[in-house]
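The block underneath contains the structure these notes are about, expressed in structure tokens.
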């Protein structure tokens, strides 16, 4: 796992260390342009002459090592930004650093009321290439940005004019509308292009090359090149579709993690999934309120009481992270409320806040609302929950999870028949396993990254099969990094076969899009097409299906993965 944080200055020792790493990464990636490395540090000094804000975001590993960076300029008066560089360390294997940095940059700019992001990307027009061997690399770069909706501005001379900025290596001026659905006017485009070239290469207003480029911008508003590397999503030509019933927690009482600790679990995840749901027929149901007894059916009263105290103990916006854990004497409960954080939490990046209890309670309500729909005959219902829940155990929370939404829903359905709880989040559902480990009426099955390498590390091994009455009713399928669509679906087929032998009346699914390639917390390589296949396999079980949202921290994956997964889900199985 890694985090994204902003380097605000070049003063503090921590930022100086980060900046040194950024310069080192830049020099490794762009050895032909050493002069710019020194400029990066200079830019952070924020001189009064600068008409733009410098935004430097870094991807930092758990060992405090910088794995990549994104450097942008924000022209606040114009409300447009320019992405100067986004670079992952050449010494590290691809782990989604570039995608995570790009998404974090876009999200930061949206918070600043930015209207769009410009960038230079080397051309894929072979006729304009000085070195033809670079064509394949340039195509991959343009495909990368196109997946986020960023495409070259069309009908200008920008990419075919030699300037001090491109030094004869032609680049497209690419634009990302940040999903606001609007491109700049001709006047705005001319203004921002002049400012970008002035910032990059000190090109003045009287430069004849600049005038040539600005005069060539004639479309009003500017037009983007048609997609080249991604095809518009099409519904699969299959059997009739069901309507997806769903209930969402929405935006109320949301939890904002420190960017330095748990920034990947952020409110924007819900919006990204909702965009993906636009691809399928849906019917939203109003979230209902349910009594605490449903939480207490799976969680200890002491855990509930501790989280509830956060409303009284903490100020709005205050975050309490645990730092001491009772490893040697777990039977001794600290007296002070603050010290109890480590007693009830399993990690150091899941905070208690003034509204953690409220947010977690709303997520539970969403799950139980959906469970009630299924219990009353709905064949398919989705609870879009935030915060997630599958890491929350009987008496402990963690992994961004406070109450176990899926377990509460499974417990509710267990009053109406046998339940199988299948977890396909990248991380093992240790909480769900713990809650039902000694029961035979709820079977728990989890497919996940191997706990030797992946959070939560201490649970999810294949030999954990249940205890007492629950022996044989818990199954784990730990997988090592690099799992692709075929390997994942083969494992899912095994899991569904085991569930079939159990013969449940209901199937509860803990859904995580962090199994997809490029997730900042995952190690699998499942594609959007793979998510469709997974959804289709689940639909083919014919079981009443309750889906509860868990993880997934790449916004693009959430959007695309949700669209494809739920397309597979809503396809009606043959009679």
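The values are calculated or read from the model by the stated rules, or taken from the named source; none is laboratory data. Predicted model only: the values in this text are computed from it and were never measured. In this analysis, Cβ positions are derived from the backbone assuming ideal geometry, glycine residues included, and neighbour counts consider all displayed protein chains.
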How many of the residues making up the stretch 344-369 are out of contact with any strand residue (DSSP E or B) (no Cβ under 9 Å at 6 or more places or on another chain), without any contact (Cβ under 8 Å) to a residue 60 or more places away in the chain and outside any helix (DSSP H, G or I)?
-> 1
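Can you tell me how many residues in the stretch 516-539 are out of contact with any helix residue (DSSP H, G or I) (no Cβ under 7 Å at 6 or more places or on another chain) and at pLDDT 95 or above? Step through it out loud before you land on a result.
Step one: list which residues in the stretch 516-539 are out of contact with any helix residue (DSSP H, G or I) (no Cβ under 7 Å at 6 or more places or on another chain), which gives 517, 523, 525.
Now restrict to residues that are at pLDDT 95 or above: none.
The qualifying residues number 0.
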Do we find that residue 108 is in contact (Cβ under 8 Å) with a residue 40 or more places away in the chain, part of a helix (DSSP H, G or I), touching a strand residue (DSSP E or B) at 6+ places or on another chain (Cβ under 7 Å) and surrounded by fewer than 22 Cβ atoms within 10 Å (Cβ to Cβ) in this structure?
-> yes
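Can residue 522 be described as on the phi > 0 side of the Ramachandran plot and in a loop (DSSP other than H, G, I, E, B)?
Criteria not met by residue 522.
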Could you tell me whether residue 397 is surrounded by 24 or more Cβ atoms within 10 Å (Cβ to Cβ) and touching a strand residue (DSSP E or B) at 6+ places or on another chain (Cβ under 6 Å)?
-> yes
Report yes if some residue within the stretch 540-555 is free of Cβ contacts under 8 Å to residues at least 24 places away in the same chain, surrounded by fewer than 24 Cβ atoms within 10 Å (Cβ to Cβ) and not in a helix (DSSP H, G or I); otherwise report no.
-> no
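Is at least one residue of the stretch 168-180 within 16 Å of residue 118 (Cα to Cα), surrounded by fewer than 16 Cβ atoms within 10 Å (Cβ to Cβ) and outside the structural domain of residue 555 (by TED's automatic domain parsing)?
First, the residues of the stretch 168-180 that are within 16 Å of residue 118 (Cα to Cα): 170-180.
Pick out the ones that are also surrounded by fewer than 16 Cβ atoms within 10 Å (Cβ to Cβ) and you get 179-180.
Going one step further and asking which of them are outside the structural domain of residue 555 (by TED's automatic domain parsing), we end up with 179-180.
Looking through the stretch 168-180, at least one residue is within 16 Å of residue 118 (Cα to Cα), surrounded by fewer than 16 Cβ atoms within 10 Å (Cβ to Cβ) and outside the structural domain of residue 555 (by TED's automatic domain parsing).
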So which residues in the stretch 59-89 are within 21 Å of residue 519 (Cα to Cα), in contact with a strand residue (DSSP E or B) (Cβ under 8 Å, 6 or more places away or on another chain) and surrounded by fewer than 18 Cβ atoms within 10 Å (Cβ to Cβ)?
-> 61, 62
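Could you check the stretch 409-430 and list, in sequence order, the residues that are assigned to a helix (DSSP H, G or I) and closer than 19 Å to residue 293 by Cβ?
In the first step, residues of the stretch 409-430 are kept if they are assigned to a helix (DSSP H, G or I); the result is 409-414, 430.
Correct list: 409, 410, 411, 412, 413, 414.
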Go through (1) closer than 23 Å to residue 55 by Cα; (2) assigned to a helix (DSSP H, G or I); (3) in contact with a strand residue (DSSP E or B) (Cβ under 6 Å, 6 or more places away or on another chain) one by one and return the number of the condition residue 138 breaks.
-> (1)
If you go through the stretch 245-275, how many residues are within 15 Å of the chain's Cα centre (by Cα) and modelled with pLDDT of 90 or more?
-> 2
Among the candidates 156, 161, single out the residue that is touching a residue at least 12 places away in the same chain (Cβ under 8 Å) and surrounded by fewer than 18 Cβ atoms within 10 Å (Cβ to Cβ).
-> 161
Which ones in the stretch 286-311 are surrounded by fewer than 18 Cβ atoms within 10 Å (Cβ to Cβ) and either touching a strand residue (DSSP E or B) at 6+ places or on another chain (Cβ under 7 Å) or assigned to a helix (DSSP H, G or I) (or both)?
-> 293, 296, 301, 302, 305, 308, 309, 311
Residues of the stretch 205-218 being over 41 Å from the mean Cα position of the chain (by Cα) and either part of a loop (DSSP other than H, G, I, E, B) or buried (at least 19 other Cβ atoms within 10 Å of the Cβ) (or both), which ones?
-> 205, 206, 207
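Taking residue 231 as the residue in question, decide whether it is at pLDDT 75 or above and surrounded by fewer than 13 Cβ atoms within 10 Å (Cβ to Cβ).
Values: at pLDDT 75 or above: no; surrounded by fewer than 13 Cβ atoms within 10 Å (Cβ to Cβ): yes.
Here the answer is no, as residue 231 does not meet what is asked.
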Out of (1) in a helix (DSSP H, G or I); (2) farther than 28 Å from residue 368 by Cα, the one residue 341 does not meet is (2)
Among the residues of the stretch 1-26 satisfying the criterion of being assigned to a helix (DSSP H, G or I) and within 24 Å of the chain's Cα centre (by Cα), which is nearest to residue 399 (Cα to Cα)?
-> 18
Within the stretch 28-38, residues loosely packed, with under 14 Cβ neighbours inside 10 Å and modelled with pLDDT of 75 or more come out as 28, 30
